[in-house]
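The values are calculated or read from the model by the stated rules, or taken from the named source; none is laboratory data. Small disclaimer: the values here were computed from a predicted structure and weren't measured. Quick reminder, even Gly has a Cβ in these numbers, built from the backbone with ideal geometry, and neighbours come from all protein chains shown.
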Amino acid sequence: MSEEHGIEQRRHPRRAVKWKALIRDKAKEVTVGRTINVSVSGALIEVPQRFNMNEAIDIQIQANYLGKNIKILSRAYVRHSVVRTSDFQIGIEFNGLKPEMEQFLSDFTSGVI
């Protein structure tokens, strides 16, 4: 946030939501996490283990919206990692999101749906 104006300097709006996330690292190990918020460009995810900055991962977010199960699949990069008392939070940036999933996230985060 800009201290001067109190305005977020983000490219896309975010929306708080708790969806299951499966993360596969380069060693093909799968970690289960949970989204804290999502946007068209990425997500903040709560995970039980540390991920390295700029680490390439495969992400599957299992969105449940209006009774529909939607799988959001993408390659992603870890852009930040925060150590918390009992877990970690990682900010990821999508890289390879399909256009229909991009549209879903755009509509979801902007409140269109």
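For the range 7-26, which residues satisfy the criterion of being acidic (Asp, Glu) and surrounded by fewer than 16 Cβ atoms within 10 Å (Cβ to Cβ)? Steps first, please.
The initial filter retains those residues of the range 7-26 that are acidic (Asp, Glu), namely 8, 25.
If the condition is that a residue be acidic (Asp, Glu) and surrounded by fewer than 16 Cβ atoms within 10 Å (Cβ to Cβ), then 8 is the only one that fits.
Whether a residue is touching a Phe, Trp or Tyr at 6+ places or on another chain (Cβ under 6 Å) and farther than 27 Å from residue 112 by Cα was assessed, and residue 83 does not pass this test. Across the range 27-60, the qualifying residues are those that are of a type in the set (Lys, Arg) and surrounded by 10 or more Cβ atoms within 10 Å (Cβ to Cβ), and the one among them that is modelled with the highest pLDDT is 34.
Just the residues that are more than 14 Å from residue 21 (Cα to Cα) and either in contact (Cβ under 8 Å) with a residue 24 or more places away in the chain or over 13 Å from the mean Cα position of the chain (by Cα) (or both), please, taken from the range 45-77. Outline the logic, then answer.
Taking the range 45-77 and keeping what is more than 14 Å from residue 21 (Cα to Cα), we get 50-56, 65-68, 77.
Matches in the range 45-77: 50, 51, 52, 53, 54, 55, 56, 65, 66, 67, 68.
The residue that is nearest to the chain's Cα centre (by Cα), counting only those in the range 103-112 that are of a type outside the set (S, T, N, Q) and crowded, with 16+ Cβ neighbours inside 10 Å, is 105. Taken over the range 85-113, the residue count meeting the criterion of being without any contact (Cβ under 8 Å) to a residue 12 or more places away in the chain and closer than 21 Å to residue 47 by Cα is 2.
Only one of 10, 24 is of a type in the set (Lys, Arg) and either modelled with pLDDT under 95 or touching a Lys or Arg at 6+ places or on another chain (Cβ under 8 Å) (or both); which? Before you say what the answer is, go through the steps one by one.
Values: 24 fails: either modelled with pLDDT under 95 or touching a Lys or Arg at 6+ places or on another chain (Cβ under 8 Å) (or both).
The match here is 10.
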